[in-house]
Amino acid sequence: MIVIGTRGSRLALAQTEWVRDRILRRFPETEIRVDIIGTPADRDKITSLRSVPSAGVFVKELEYALIRGEIDLAVHSMKDVPTLIAEGCVIAAVPEREDPRDALVARGPVELEHLPRGARIGTGSFRRQAQLLALRPDLEIVDLRGNIETRIGKIGTGTCDAVMLAAAGLRRLGIASQIGLLFDYGRMLPAPGQGALAVETRAGDTRVARLAAAVHHPETALAVSAEREFLERMGGGCNVPIAALARPLAGGLEIEGLVASPDGRSVVRERLFADARTAADAAALLAGRILARGAGRILEDFRA
């Protein structure tokens, strides 16, 4: 018997069931139980994540359960996982990535240019806010908390004209039909690790690591590792105006990074190509270049 720990949202459960089912395909004799573990961020649905230290806010309770031996494996959205995880835990597998793009959900198909002046867009992400305002500075940003269903519900209540969400979550919940607009990477660079999952285990637990390997996707793991290296070099966390995407190309990776002020007025963006063997070094180099172009000052002002 192995126990998989997860948060209790529909998306977290869908992601966990996806991992469980693929482990069972490879190891059908394995007994697996799924346990729901609440986090402080799940219990407090009012306080804005913008106003609290958010590094690991959706992850730490699951890591504590791992360390205590209450669960054997935890499934996270990779973009929620701090670059420094708890001592005694390891990321044992990174499954194949879903669509990493950002999406706009509205009352139907929509073009960003056609939204009325002053339209209210819901998001709890400074990264999305910054890039959105760089494109449309007239828009009004509405700070949102809650799961995907709660956020989409803000459209029906009139709180928002549209909400920004990760396309991956909408696809995993089977509601991609609600996507009104998919942002191309040129307009909206995603968060490091967006669209990917992290399967975390206790360090040294070879039995569970062997099961987790059934869902590991090396190409995704390489790309996400480069993005997380960039984020760490930038000194970022879960809710900072930092974006990164590494895309596999023949012989290596194209790594692109961005830092922007929350009001969208200052944006520093750059990309480079890296050999797969030197992806981490390239991510560090990219961070250095972006910092040298003024990103450090933007982040200092943001954290002030």
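The values are calculated or read from the model by the stated rules, or taken from the named source; none is laboratory data. Bear in mind that the values here come from a model prediction, so they are computed numbers and not experimental data. Backbone-built Cβ (ideal geometry, glycine too); neighbour counts: all protein chains shown.
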- Message: As an exercise: evaluate residue 107 against (1) within 17 Å of the chain's Cα centre (by Cα); (2) at pLDDT below 95; (3) closer than 13 Å to residue 162 by Cα and give the number of the one condition it does not meet.
- Response: (1)
- Message: Looking at region 211-218, can you tell me whether even one residue there is touching a Phe, Trp or Tyr at 6+ places or on another chain (Cβ under 7 Å) and either crowded, with 19+ Cβ neighbours inside 10 Å or part of a loop (DSSP other than H, G, I, E, B) (or both)?
- Response: yes
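Condition first: charged (D, E, K, R), under 16 Å from residue 289 (Cα atoms) and in contact (Cβ under 8 Å) with a residue 40 or more places away in the chain. Now tell me which residues in region 231-263 satisfy that. Walk me through how you get there before you give the answer.
Kept after step one, since they are charged (D, E, K, R), are these residues of region 231-263: 232-233, 247, 254, 256, 263.
Add one more test, that the residue is under 16 Å from residue 289 (Cα atoms), and what stays is 232-233, 254, 256.
Result: 232, 233, 256.
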- Query: Of the residues that make up region 112-127, is at least one within 13 Å of the chain's Cα centre (by Cα), surrounded by 21 or more Cβ atoms within 10 Å (Cβ to Cβ) and closer than 16 Å to residue 240 by Cβ?
  - Reply: yes
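For residues in region 1-55 being assigned to a loop (DSSP other than H, G, I, E, B) and among the β-branched types (Val, Ile, Thr), which is modelled with the highest pLDDT?
Residues of region 1-55 that are assigned to a loop (DSSP other than H, G, I, E, B), as a first pass: 1, 7-9, 27-31, 37-39, 44-48, 52-55.
Subset that is among the β-branched types (Val, Ile, Thr): 30, 37, 39, 46-47, 52.
Numbers: 30: 97, 37: 94, 39: 65, 46: 51, 47: 50, 52: 48.
Looking at residues that are assigned to a loop (DSSP other than H, G, I, E, B) and among the β-branched types (Val, Ile, Thr), I get 30.
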- Looking at region 101-185, what strands (runs of 3 or more DSSP E) fall wholly within it and have at least 1 residues that are touching a residue at least 12 places away in the same chain (Cβ under 8 Å) and over 21 Å from residue 77 (Cα atoms)? 120-122, 140-142, 162-166, 179-182
- Message: Condition check: of a type in the set (Val, Ile, Thr), in contact with a Gly (Cβ under 7 Å, 6 or more places away or on another chain) and either under 30 Å from residue 24 (Cα atoms) or assigned to a strand (DSSP E or B) (or both). Does residue 224 satisfy that?
- Response: yes
- What residue, among those in region 76-90 that are under 24 Å from residue 189 (Cα atoms) and β-branched (Val, Ile, Thr), is surrounded by the fewest Cβ atoms within 10 Å (Cβ to Cβ)? 83
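Within region 243-293, track down each residue that is basic (Lys, Arg), farther than 20 Å from residue 220 by Cβ and either in contact with a Phe, Trp or Tyr (Cβ under 8 Å, 6 or more places away or on another chain) or in a strand (DSSP E or B) (or both). First the steps, then the outcome.
Pass one, region 243-293, residues basic (Lys, Arg): 247, 265, 269, 271, 277, 289, 293.
If we keep only those that are farther than 20 Å from residue 220 by Cβ as well, we get 265, 269, 289, 293.
Matches in region 243-293: 269 only.
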- Message: Can you tell me which residue is farthest from the chain's Cα centre (by Cα) among those in region 255-304 that are acidic (Asp, Glu) and surrounded by 16 or more Cβ atoms within 10 Å (Cβ to Cβ)?
- Response: 270
- Item | Candidate set from region 169-200 (those that are more than 21 Å from residue 11 (Cβ to Cβ) and touching a strand residue (DSSP E or B) at 6+ places or on another chain (Cβ under 8 Å)); member that is surrounded by the fewest Cβ atoms within 10 Å (Cβ to Cβ) | 185
- Checking residue 97 against (1) free of Cβ contacts under 8 Å to residues at least 24 places away in the same chain; (2) within 21 Å of residue 14 (Cβ to Cβ); (3) assigned to a loop (DSSP other than H, G, I, E, B), which test does it fail? (1)
